Amino acid sequence: MAKLKHKFGTTYYEKKGRKGKTPIVCLHGGPGGTSKKMTPLFELSDERAVYIYDQIGGGRSSELDKKFWKIETFVEELDTLVKHWGLDEFYLMGGSWGTTLALEYYLRKGKKVKGLIFQSPMFSARDWQEDANLLIEKLPAKYRKIINYCHEIGATDSKVYKEAIIEYYSRHVFRDKAKLLENSKKKNTNPHGEQVYEYMWGPSEFMATGTLKKYNRVKDLSKIKVPTLFICGQYDEATPVTASRYSEKIKDSRLKVIRGASHSILSEKPKDMLKVMRDFLK
């Protein structure tokens, strides 16, 4: 683990692999998340350098002043890292919110990006919310009522709402309910990151109330001029139907759906995802 100090604070990053084929830079979800669950991607380091990092304000990187809780900060941080690493060209991969950041970086500063990998994309908060609403409708009536009522009265910190979150997440975010319950009981080791998440996104994966709630870059997908891979889980909250619609807007693009997986593909089906990525990178 290395670190880089810059104007926003200190960013912690990891690199594995040597010079060889075009390197790949990987962006975790959130906002306010951590790269800890992205370590399976280091399997790709047998052929190329692989970079992952904790975005400023979350994980092991330093806390961030609230005035910087915005997309521009994370784009600039990534650009600072790319320059620090001395990359002339690279592939850019993102998962969930990481796809939002990858798209923003490409549209603003993407001259060095040779190809893009979007895992479980979020390019429109409205699309995300509409998909979530459809998935919520498939939950048992008990949880549908809890979610709708808690949203109506603003009780998203209630015990019953958190129980409904577990039910939704175990279907569409991470399909190991026992581990979800175990993790929910653990002390939060990333409280500042949680604040960034709630400020920019909202109280849960299926409720966008933060600064990203009107985010929409779908119309700009046609500006992508590099090979692009979309990856979704069969049960993903970032639904394959929506990802397919996004993929069709990019000339050189393809979509792969990982059977049996939801949103946390690297945790659920790492071998399948790595194979899809390797095939694309070839």
For the stretch 53-107, give me the residue count where each residue is of a type in the set (Asp, Glu) and assigned to a loop (DSSP other than H, G, I, E, B).
5
Give me the pairs: first residue in the stretch 144-172 and of a type in the set (Gly, Ala, Ser), second residue open to solvent by 20 Å² or more (accessible area, probe 1.4 Å), beta-carbon distance under 7 Å, and six or more apart or on different chains, which are they?
Ala164/Tyr143; Ala164/Ile146; Ser170/Lys177; Ser170/Leu180
May I ask you to list the residues in the stretch 159-168 that are open to solvent by less than 60 Å² (accessible area, probe 1.4 Å) and over 26 Å from the mean Cα position of the chain (by Cα)?
none
Residue set Gly98, Gly110; condition surrounded by 17 or more Cβ atoms within 10 Å (Cβ to Cβ), under 20 Å from Tyr13 (Cα atoms) and not aromatic (Phe, Trp, Tyr); output residue Gly98
List pairs: first in the stretch 125-143 and open to solvent by 90 Å² or more (accessible area, probe 1.4 Å), second modelled with pLDDT of 95 or more and of a type in the set (S, T, N, Q), Cβ under 7 Å, 6+ apart or cross-chain?
Arg126/Asn216
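Quick one: which helices (runs of 4 or more DSSP H) lie wholly within the stretch 167-264 and hold at least 2 residues that are under 23 Å from Leu92 (Cα atoms)? Full working, then the answer.
Numbers: elements: 177-185, 191-200, 240-247.
Output list reads 191-200, 240-247.
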Among the residues of the stretch 234-267, which ones are open to solvent by less than 40 Å² (accessible area, probe 1.4 Å) and over 23 Å from Ser222 (Cα atoms)?
Asp236, Glu237, Ile258, Gly260, Ala261, Ser262, His263, Ser264, Ile265, Leu266
Residue check: is Lys5 out of contact with any helix residue (DSSP H, G or I) (no Cβ under 9 Å at 6 or more places or on another chain) and not polar (S, T, N, Q)?
yes
Would you check if Pro227 is open to solvent by 20 Å² or more (accessible area, probe 1.4 Å), in contact with a strand residue (DSSP E or B) (Cβ under 7 Å, 6 or more places away or on another chain) and either of a type in the set (A, V, I, L, M) or in contact (Cβ under 8 Å) with a residue 12 or more places away in the chain (or both)?
yes
Considering residues of the stretch 1-42 that are aliphatic (A, V, I, L, M) and open to solvent by 20 Å² or more (accessible area, probe 1.4 Å) only, the residue modelled with the lowest pLDDT:
Met1
From Ser247, Ser222, Ser264, Ser253, grab the single residue that is within 16 Å of the chain's Cα centre (by Cα) and at pLDDT 95 or above.
Ser264
For the stretch 68-79, does any single residue satisfy the condition of being open to solvent by 10 Å² or more (accessible area, probe 1.4 Å) and of a type in the set (S, T, N, Q)?
no
Can you spot a residue in the stretch 43-52 that is touching a Leu at 6+ places or on another chain (Cβ under 8 Å), in contact (Cβ under 8 Å) with a residue 24 or more places away in the chain, under 22 Å from Val173 (Cβ atoms) and not in a loop (DSSP other than H, G, I, E, B)?
yes
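The values are calculated or read from the model by the stated rules, or taken from the named source; none is laboratory data. Note that the coordinates shown come from a computational prediction; the quantities given were computed from them, not determined experimentally. Virtual Cβ from ideal backbone geometry, glycine too; neighbours counted across all protein chains shown. Quick note on the areas: whole protein, heavy atoms, side chains included, nothing else; ligands and nucleic acids left out. Shrake-Rupley method; radii C 1.70, N 1.55, O 1.52, S 1.80 Å.
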